[in-house]
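Engineer: The structure is given below, and queries will be raised subsequently.
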Amino acid sequence: MTPAPDGLKIVTLAIELEPVGGIESVTLEDSRELIARGHSVEMLYSVDGSQRPEYEAAGITLSGPWLYGVQGPNAVAALRQIPALVRHLRRERPDVLWLSRSEFLPWAQLVSRLSGVPVLCHIHNVPNFRITSLLARGIGAFVVVSDAMRRQWIAAGLKPETVTVLHNGVAPEDYPFAGVEERDAVRNDLGLPAGVPIVLYLGRITGQKGVPTLLESWRLVHEQHPDAHLLLVGAPEPSEVEECREALAALPESSWSWRPLAKDVIPYLHAADVVVLPSTYQDPLPRVVLETLATGRPMVASRVGGIPEMLSGDLARWLVEPGDAKELAERLGGLLEWREREPAIAEEARAAVERDFPITAHVDGLERALRRVSKRRGDWV
């Protein structure tokens, strides 16, 4: 796809064309917005998947399969592909490589050096290298998703002047507001219990996300609210499956249900009364918080990482200490009947996203960062 006269030719990457996590969702949505602004986006992917039609409908050029990385089981194969990839990049002459996964920084350094394509690294995670300062060499700039992550990455070795905060944003039309009528209808479609409070956990089923704390707290919630239902939607970490099953088995069977991770999460958000994210690590800026608020639901989440940057002001009352099952149970139990006690919560949550995390401001910042780093096509020799 050819960009507009003042548009950028951008190349980015995806591990697989599947809705496997927040990074993939952000990259897809950002690419769609950038294309709408006259830029072109080519996606280098490793594994094909069910979202191919969605990428193509967005106008993204797909190229693959390519392997990334200079370590791990695919390192040799990835290194062997680099000459072909460099030839591809020199033929296509992109302005910038938009790297959405920092774990591929060593690979991006090498590709950039050989192809002449500058790199913007978009960081969504906590520092994951011991030699960050070395891996920053040759990288044009970094954007990170929260102030908390900026502090951590600078402490790990990045130069402050190279790191800009770029909060995620969501388009409200992509996460529509839903009231009681919509909630009851979607519960019927999903086969979920009607007429009871439902608390939703959406994401990876893992200790890092605080699922053991959640299950411990749910026993306490059930004692006080025996009609409440916990809905887990997500995939477990293989090493934690048995531990999770044992914890669930200790709960009354009717008090919970577990569904696999879904491509479309909106029905589950609409089915819920409260959403919970009890992370125990420095969660950078979990997208599910914004998605939840946009649909008009309260989000109970840990006071870690970038979460307080989203649950700020009056919404900070929903924050809990990580690992504190008792406090989590109290907060969840106190919100089960919010529709009767505090009906204004729905509009308050939606308004916070529209005011503080609009997609337009997010893409404005990303576009500025890409332009600063880019190598204009006319500079190629």
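The values are calculated or read from the model by the stated rules, or taken from the named source; none is laboratory data. Remember, it's a predicted structure, so these values are computed and weren't measured experimentally. Ideal geometry is used to build each Cβ from the backbone, glycine not excepted, and the neighbour counts take in all protein chains shown.
Engineer: Across the stretch 230-242, what is the number of residues that are loosely packed, with under 15 Cβ neighbours inside 10 Å and farther than 20 Å from Leu192 by Cα?
Structural biologist: The number of residues fulfilling the criteria is 4.
Engineer: Picking from Ala294, Ala329, Ala351, Ala325, which residue would you name as being within 23 Å of the chain's Cα centre (by Cα), assigned by TED's automatic domain parsing to the domain that holds His225 and surrounded by 16 or more Cβ atoms within 10 Å (Cβ to Cβ)?
Structural biologist: Result: Ala294 is the single residue among Ala294, Ala329, Ala351, Ala325 that is within 23 Å of the chain's Cα centre (by Cα), assigned by TED's automatic domain parsing to the domain that holds His225 and surrounded by 16 or more Cβ atoms within 10 Å (Cβ to Cβ).
Engineer: Exactly one of these conditions fails for Val196: (1) surrounded by 12 or more Cβ atoms within 10 Å (Cβ to Cβ); (2) out of contact with any strand residue (DSSP E or B) (no Cβ under 6 Å at 6 or more places or on another chain). Give me its number.
Structural biologist: (2) is the only condition that Val196 fails.
Engineer: Being farther than 30 Å from Val119 by Cβ and modelled with pLDDT under 95, is that true of even one residue in the stretch 164-172?
Structural biologist: yes
Engineer: Of Arg259, Arg219, which residue is of a type in the set (Lys, Arg) and within 17 Å of Leu328 (Cα to Cα)?
Structural biologist: Only one candidate qualifies: Arg219.
Engineer: For the stretch 165-218, give me each residue that is within 18 Å of the chain's Cα centre (by Cα) and farther than 20 Å from Arg350 by Cα.
Structural biologist: Passing the criteria: Val165, Leu166, Gly203, Arg204, Ile205, Thr206, Gly207, Gln208, Lys209, Gly210, Val211.
Engineer: Just checking, how many residues over the stretch 112-138 are under 27 Å from Arg93 (Cα atoms) and β-branched (Val, Ile, Thr)?
Structural biologist: Selection size over the stretch 112-138: 3.
Engineer: Next question, about the same structure. I need the full set of residues from the stretch 341-377 which are among the small types (Gly, Ala, Ser) and out of contact with any helix residue (DSSP H, G or I) (no Cβ under 6 Å at 6 or more places or on another chain), in order please.
Structural biologist: Within the stretch 341-377, Ala344, Ala346, Ala351, Ala361, Gly365, Ala369, Ser374 qualify.
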